Structure formats: C-alpha cells, structure tokens
Amino acid sequence: MKFRPLHDRVVVKRVEEDTKTKGGIIIPDTAQEKPMQGEIIAVGPGGRDESGKLIPIDVKAGDIVLFGKWSGTEVKIDGTEYLIMKESDIMGVLEGKSASKKAA
C-alpha cells in the first residue's frame, strides 16, 4: 500500500470475525455487524501541541485495536477496504495479539 496518513491519523483494516456462534450456528452476512476491531496498517507521525512540539502516536503497525462502531472514514485503496481514523478514536490495544500471532 502506498498511503501515509498525516498527523495523528491511522489506517486500520478490520479483522474478520467468526461467522459461527460457539454453539455452531452460522450467522448470515445480513445479520452480522461490522467488526469493531482491526489491525493497524499505517500510522502518521503524530499530532502537535500548542507550542508545535510533535506528540508521537502510541500505536504501531501490526497492533490489533478496538474502536467505536461508527469510528473512522471508510476508504478503498488498491481494492481493499480500510478505515482512516484519528488516534483518539481508538479505545485500546489488545495485548498479546498481533498480525503475526493472528495468522498462527
């Protein structure tokens, strides 16, 4: 991807959730809600305070994060859907989860 967010914005790719319940019931696409967790793909350099000092972003590429249901702006880059949101829209990082562990 050739996209770099500016200031305190991040690019997030939604993590697909299970289409089955724990009891084995398959949830149809029309009944599923969009997931509220995703993987950080790219981060901006950070915001600036009143004096112009750069405030770095706390998340990094590969982090799995939780965000609000209506957070961010949906965009399509190279045929893949992403969310661009401010760092303040992120509620937290899921510790112990990363893109490399998710694939395992």
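Estimated at 0.36 nm per residue, the fully extended path between M36 and T73 surpasses their Cα-Cα distance by 12.0 nm.
Give the calculated FRET efficiency between D58 and K2 to the nearest 0.05, with a Förster radius of 35 Å applied to their Cβ-Cβ distance.
Computed FRET efficiency for D58 and K2: 0.90.
Any read-out appearing in this document is the output of simple, stated calculations on the displayed coordinates, not a laboratory observation. Since the structure is predicted, the reported quantities are computational estimates derived from the model, not experimental observations. Cβ sites come from the backbone with ideal geometry, for glycine too, and all protein chains shown count toward neighbours.
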